[in-house]
Amino acid sequence: MAIVRKSLSEIRAAKPKADRAKIKATTEGGIRRHMIEDGENPDAEPKAEDIFTPAVVRKRLGMTQEQFGAAIGIDRTQIIRWEKGRAKPSRLAQRQIRMMEAVAADVLPHDKGAGAVKAQSQKSPA
């Protein structure tokens, strides 16, 4: 991705990418209709596995903050900032966390629970 340098006046003069009128015109009924078209149930209660926060994912995987940070290449202090709400993960970090959770869900036996990752990570050194 190329880096484009623009002045503040150029940014302000540029046409916004989002259609604000369309966003303001969006209704709950329209959102509901789109959810149904996408195969989602708008009346369904959110499930625990649908919740995405670094703390939830880390705990599901049974990992410490140090292990979790090492797995995605992030310092433990940044993990603490995310979990306390002082900072948000970058898009890249969000993707890494989601991928890590998806891979763990495929690899781990379902009867072992979240602690299986912790146990596996403490086995033999790589």
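Since every read-out is calculated from the coordinates, none of them should be taken as a lab result. Computed from a prediction, not measured in an experiment: that's the story for all the values here. Positions of Cβ are backbone-derived with ideal geometry, glycine not excepted, and every protein chain shown enters the neighbour counts.
For trypsin sites (Lys or Arg not before Pro), the sites in segment 1-94 that DSSP calls loop and that have at most 15 other Cβ atoms within 10 Å are 5, 6, 17, 47, 84, 86.
For 61, 8, 92, the sequence from fewest to most other C-beta atoms within 10 Å is 8, 92, 61.
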